[in-house]
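Undergrad: Shown below is the structure under consideration.
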Amino acid sequence: MRLRTHLLSPFFVLLLVLFPLVGMAAEFDRFEGTFNGKAEFTLNGEVQKRDMSTTIKAQDNGFVLSWTSVTYRSDGRTKEATYTIQFVPSARDNIYQSAMKTNLFGKATPLDPLQGEPFVWARFERDTFSVFSLFINEAGDYEVQEFHRTLAEGGLDLLFRRFRNGTLDREITTLLERQ
């Protein structure tokens, strides 16, 4: 009996160490995949259309998020922007920090918003996966972008908001369908 207890003890220690990692993976695995959609919104009196896509996949102990937005303007011009960011767990539950640069010790870390770089983090809260970006310009004004992706039948409901100095500047909503 004593031998069995002695052998089980390391097993329980291992479970205690690995259990939080399993919980973190369970948060974003429901959001993994590729999603596409279209949005239409009005900006400065002009109707604009966008194609939007998002890909979320597990990587190492975190995940990688890629998204593309193609804007179609009424004059026929298009603008395409693609972003890819790796996220790793932070010291706080369900909050992930961006891993956009490597420090002197080889650790992936977020960028510095006081250097004009975006500070980006992600959060999982129930059925919503949110990504926040903070930008500070040379005058000290700031912009915050929020991407809220909520699980929905067939994909993700996307709510994008951009705030400039605390004032809502733009809001876009659409369904991104799972591919």
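Undergrad: List, in order, the whole-Hz ³J(HN,Hα) value for each residue of the stretch 115-128 obtained from phi through the Karplus relation with A = 6.51, B = -1.76, C = 1.60 and θ = phi - 60°; use x for Gly and Pro.
TA: 9, x, 9, x, 9, 10, 9, 10, 9, 10, 9, 6, 9, 10
Undergrad: Among all lysine pairs in the chain that are eight or more places apart or on different chains, how many have alpha carbons less than 24 angstrom apart?
TA: So the count of such lysine pairs works out to 6.
Undergrad: Here is a further query. Determine the shape class of the stretch 104-153: with a ≥ b ≥ c the square roots of the Cα gyration tensor eigenvalues, call it rounded for a/c under 1.5, and otherwise prolate if a/b is greater than b/c, oblate otherwise.
TA: oblate
Undergrad: Stokes-Einstein diffusion coefficient for the stretch 75-179 at 10 °C in a medium of 1.306 mPa s, Rh from the Kirkwood formula over Cα pairs: what value in µm²/s?
TA: This corresponds to a translational diffusion coefficient of 103 µm²/s.
Undergrad: Another one. Name the residue farthest towards the positive end of the dipole of the stretch 67-179 from the options Ser133, Thr109, Ile172, assuming +1 on Cβ of Lys and Arg, -1 on Cβ of Asp and Glu, about the Cα centre.
TA: Selected residue: Thr109.
Undergrad: At 20 °C and a viscosity of 1.002 mPa s, what translational diffusion coefficient does Stokes-Einstein give for the stretch 117-179, taking Rh as the Kirkwood radius over Cα pairs? Give it in µm²/s as a whole number.
TA: For these conditions, the coefficient is 170 µm²/s.
Undergrad: Karplus couplings for the stretch 42-53 from phi (6.51 cos²θ - 1.76 cosθ + 1.60, θ = phi - 60°), rounded to Hz, Gly and Pro as x?
TA: 10, 9, 6, x, 10, 6, 10, 10, 9, 9, 9, 9
Undergrad: In addition: Once phi is turned into ³J(HN,Hα) by the Karplus curve 6.51 cos²θ - 1.76 cosθ + 1.60 with θ = phi - 60°, what whole-Hz value does each residue of the stretch 131-143 show in order, with x for glycine and proline?
TA: 10, 10, 10, 10, 10, 10, 8, 5, 7, x, 6, 10, 9
Undergrad: Turning to a different aspect of this structure: Net charge around Asp169, counting only other residues with Cβ within less than 9 Å of its Cβ (Lys, Arg = +1; Asp, Glu = -1)?
TA: +2
Undergrad: Three principal axis extents, largest first, for the C-alpha atoms of the chain, in Å?
TA: For the chain, the Cα spread along each principal axis is 79, 41, 25 Å.
Undergrad: Leaving out ligands, DNA and RNA, and with a 1.4 Å probe, what % of the accessible surface on the chain is carbon or sulfur?
TA: 54
Undergrad: Same structure, new question: Could you work out [θ]222 nm for the chain from helices alone, using -39500 (n - 2.57) per DSSP H run of at least four and dividing by all its residues? Round to the nearest 500 deg cm²/dmol.
TA: -5500 deg cm²/dmol
The values are calculated or read from the model by the stated rules, or taken from the named source; none is laboratory data. Just so it is clear, the model here is predicted, and its values are computed rather than measured. Note that we place each Cβ from the backbone using ideal geometry, even for glycine, and neighbour counts take in every protein chain shown. Areas reflect the complete protein model, heavy atoms only, side chains present, ligands, DNA and RNA absent. Shrake-Rupley method; radii C 1.70, N 1.55, O 1.52, S 1.80 Å.
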